[in-house]
Amino acid sequence: MADPSTYRPAPGAIPASPGVYKFRDAHGRVIYVGKAKSLRPRLSSYFQDLAGLHPRTATMVTTAASVEWTVVATEVEALQLEYSWIKEFDPRFNVKYRDDKSYPELAVTLDEEYPRVQVMRGAHKKGVRYFGPYGHAWAIRETVDLLLRVFPVRTCSNGVFKRARQVGRPCLLGYIGKCAAPCVGRVSAEEHRALAEDFCDFMAGRTGNYLRRLETEMQEAAADLEYEKAARLRDDIGALKRAMEKNAIVLADATDADLLAVAEDELEAAVQIFHVRGGRVRGQRGWVTDKVEDVDTAGLVEHALQQLYGGGSESVPREVLVPALPDPVEPARDWLSGLRGAQVDLRIPQRGDKKDLMATVQRNAQQALALHKTKRASDLTTRSRALQEIAEALELDSVPLRIECFDISHLQGEDVVASMVVFEDGLARKSEYRRFQIKGFEGQDDVRSMHEVISRRFRRYLQEREQTGEWAVPEEPETPEDGRHPEDGPRTEDGRPKRFAYPPQLLVVDGGLPQVAAARRALDELGIDDVALCGLAKRLEEVWLPGEDDPVVLPRSSEGLYLLQRVRDEAHRFAITYQRGKRSKRLTAGELDSVPGLGETRRQALLKHFGSLKKLRAATVDELCAVPGIGRRTAETVAAALSSRTPAAPAVNTATGEIIEDGAEEPAPAAPEPETAPIQETP
């Protein structure tokens with residue numbers, strides 16, 4: 001525990017200006033970021049008697065070892081800088097909302113020649129009209145399915161649309177009347193765009209004109225004895241009314257507002273947000289946070305506004321209604337107005353329909369907090385019991401709060417890779433996942449591969465600890481290339497999270513005694529003796545310890561065994577996903593890699609245009625020249641290179657019996673699916 005007086009700034013050193021400050025721990029990691037209208041009184045408040053501080057604040061200042069600040073011109077700049085630093089450094093003592101996912105929205109791609117209706121997530125794109133967000137994607141699809149009867153806008157992907165134009169036949173939706181089928185010329189581009197704009201107008205709340213027009217057409221059709229047309233129009237009116245019922249009007253037609261409510265106790269807080277567009281509740285979302293810092297309702301509101309609008313994925317409406325205003329309110333209001341490009345009214349509703357709707361949002365927040373506490377109590381109990389069982393079975397001094405697991409994956413000795421997954425407090429921490437290529441040797445040797453991966457992971461850990469002066473890096477042999485290990489890379493010096501900065505309390509390897517012995521040997525060579533180690537064998541789910549002839553057998557009903565299995569299975573999944581991606585890339589693009597003058601961009605363009613290597617081999621020089629970026633000389637080089645090679649026989653996965661044939665009628669594989677946060681691959 002540090003004494004705050006040891007790093008307290010000298011009297012008069014702190015400026016009395018707006019700014020943002022950072023507390024760092026003894027390792028240089030940023031543990032708290034805050035902003036202030038005047039830095040001097042705010043920072044001075046942290047260095048008073050510990051007995052007068054809030055318990056969480058006292059814990060933070062005794063964990064910190066230094067404080068620094070940055071002066072800015074205005075409070076709005078301080079708000080922006082605080083948000084960006086919280087996202088960058090992920091400080092442990094700042095409020096962090098757990099539900100940081102992007103919510104689905106209904107999007108109409110008006111920037112395309114033939115606009116498309118689809119579900120989108122993430123940042124907004126220019127030229128695309130958005131409606132939402134919605135709590136679930138199925139809610140969007142239900143609404144769209146009802147509206148396609150009246151506004152048959154295309155919903156197919158660009159690939160399906162292009163294919164339909166080539167074959168001259170529409171997809172199923174075109175046959176059943178839920179698509180105007182512009183792909184086969186049933187409507188022109190202008191007529192289809194008019195349908196898309198009508199769709200947008202209806203979703204924006206301008207519904208009365210369409211209903212009146214359809215009712216008039218229905219009555220005219222009935223008067224002209226066109227009963228089939230009248231019945232169809234009647235069904236269309238019913239579909240529109242059902243879609244309107246899903247978004248009941250709660251405020252005046254022109255109201256665009258976000259309503260934010262907070263329910264809290266001493267430890268946690270729940271935030272609920274209702275998105276009202278055109279007077280209708282278009283979407284709802286919610287977050288839960290631990291109150292790791294001393295923050296009141298106004299502070300929680302300010303953090304929620306930063307998270308909601310700071311990433312740029314959410315448009316700012318004309319009104320933002322909150323239960324408490326940030327103090328001071330002007331910087332937050334000016335910041336929101338700058339994001340919107342027009343004045344934003346940030347206020348507390350006092351009367352009328354908006355106050356009533358805010359009460360509904362508040363009830364949702366209270367219910368969400370109660371439900372979260374019920375679930376978390378169960379989850380915490382189970383995870384705590386599992387970690388305690390592991391500690392007792394392995395005779396550890398304390399429960400392993402951080403567990404790392406390693407697995408090796410390959411196919412018949414080719415594309416050998418390894419994975420590292422991390423569980424903290426019994427939960428997967430995907431931002432800490434890492435993957436490795438095995439380059440120390442060729443061929444299949446799981447034991448040797450495990451030794452290499454463990455050595456590389458902990459050698460980097462020692463190098464990063466050396467920067468703080470706590471460890472000395474042992475002597476290590478140089479690699480034949482340049483004396484640097486493959487994972488060596490640029491190091492951060494300003495507190496950003498590093499790739500291998502934290503050691504685990506428990507290291508798990510996928511395998512039995514040979515893999516455990518290899519991992520133990522790697523740790524011994526680096527002089528690391530404070531990391532517990534075990535292996536989990538698949539055959540009988542036995543837990544092997546280094547130097548022991550007999551395994552530890554946990555009961556089948558043990559929560560500890562179940563947690564170890566989850567960790568091991570996650571490492572296996574992550575490794576095999578990476579290995580399959582490398583294998584697919586090698587099988588489909590290998591023949592193009594050695595073509596002189598053909599870079600990655602043009603290789604991908606060729607594979608995307610033709611769809612497979614089989615079609616690419618059969619293409620003529622003129623067909624190759626039709627690909628954007630491919631000139632005649634390059635086309636002749638590609639054609640000559642492919643024609644001089646005999647297509648390889650189909651590869652077979654001996655584990656599954658799967659035939660891997662590069663001539664399959666499917667596009668070239670994309671990058672591995674984004675199952676985790678961005679992961680840096682070691683070269």
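Quick notes on this structure:
- Listed residue pairs exceeding 21 Å between alpha carbons, taken from Lys87/Lys291; Lys87/Lys373; Lys162/Lys608; Lys35/Lys355; Lys126/Lys354; Lys439/Lys582: Lys87/Lys373; Lys35/Lys355; Lys126/Lys354
- The order of the peptides 17-30, 555-568, 48-61 by mean Cβ neighbours within 10 Å, most packed first, is 17-30, 555-568, 48-61.
- Placing pseudo-labels 7 Å out from each Cα toward the beta carbon at Ser188 and Asp379 gives an inter-label distance of 5.6 nm.
- For Val509, the residues whose amide H sits under 5 Å from its own are Phe406, Cys534, Gly535, Leu536, ignoring neighbours fewer than 5 places away on the same chain, with H placed 1.01 Å from N.
- One chain, two ends: Val621 and Glu466. Fully extended at 0.36 nm per residue, the span grows by 50.0 nm beyond their Cα-Cα distance.
- J(HN,Hα) series, the range 381-396, from Karplus relation 6.51 cos²θ - 1.76 cosθ + 1.60, nearest Hz, glycine and proline x: 4, 5, 5, 5, 5, 5, 5, 5, 5, 5, 4, 5, 5, 9, 6, 8
- Using the Karplus relation 6.51 cos²θ - 1.76 cosθ + 1.60 with θ = phi - 60°, the per-residue 3J(HN,Hα) values for the range 8-13 come to 5, x, 5, x, x, 7 Hz, with x marking Gly and Pro.
- Enclosed volume per residue, in Å³, of the convex hull spanned by Cα atoms of the range 305-376: 113
- More than 14 angstrom apart: percent of Cα pairs within the range 1-50: 55
- Taken over the Cα atoms of the range 139-191, the convex hull encloses 80 Å³ per residue.
- The trypsin sites (Lys or Arg not before Pro) of the range 301-391 meeting both criteria, a DSSP state outside H, G, I, E and B (loop) and at most 10 other C-beta atoms within 10 angstrom of the site's C-beta, are Arg351.
- Stretching Ser5 away from Arg163 to a fully extended chain increases their span by 49.8 nm, per 0.36 nm per residue minus the current alpha-carbon distance.
- Extension gain from His124 to Gln604, taking 0.36 nm per residue of separation minus the Cα-Cα distance: 170.2 nm
- Each peptide in 270-281, 596-607 was scored by the mean count of other Cβ atoms within 10 Å over its residues; highest first, the order is 270-281, 596-607.
- Of the peptides 145-155, 73-83, the order by per-residue mean of other Cβ atoms within 10 Å, starting with the highest, comes out as 145-155, 73-83.
- Rounded, prolate or oblate (a/c below 1.5 giving rounded, otherwise prolate when a/b exceeds b/c) for the range 337-393 by Cα gyration tensor: oblate
- Averaged per residue, the range 502-629 has 48 square angstrom of accessible surface, using a 1.4 angstrom probe with ligands and nucleic acids left out.
- Principal axis dimensions, the range 1-117 - Cα atoms, whole angstrom, descending: 66, 30, 25
- In this view, the solvent-accessible surface of Trp69, computed with a 1.4 Å probe and all protein chains in place, comes to about 80 Å².
- Separation of the Ala73 and Ser398 label points, Cα + 7 Å toward Cβ, nm: 4.8
- Relative contact order (%) - criterion: Cα under 8 Å, at least six apart; region: the range 288-413: 17
- With N the number of residues in the range 37-95, Rg(Cα) / (2.2 N^0.38 Å) evaluates to 1.23.
- When the alpha-carbon atoms of the range 263-358 are used, the pair Rg, Dmax equals 13.4, 38 angstrom.
- Put a plus charge on the Cβ of each Lys and Arg, a minus charge on the Cβ of each Asp and Glu, and nothing anywhere else: the dipole of the range 1-68 about its Cα centre is then about 300 debye.
- Sulfur and carbon atoms: percent of accessible area, the range 539-586 [1.4 Å]: 50
- Radius of gyration and maximum dimension Dmax of the range 350-456, Cα, Å: 23.2, 74
- Distance between modelled label sites at Asp111 and Val553, nm, 7 Å Cα→Cβ extension: 6.3
The values are calculated or read from the model by the stated rules, or taken from the named source; none is laboratory data. Remember, it's a predicted structure, so these values are computed and weren't measured experimentally. All Cβ positions, even for glycine, are placed from backbone atoms using ideal geometry, and neighbour counts span all protein chains on display. Heads up: the accessible areas ignore ligands, DNA and RNA and are worked out on the full protein's heavy atoms, side chains in. Shrake-Rupley method; radii C 1.70, N 1.55, O 1.52, S 1.80 Å.
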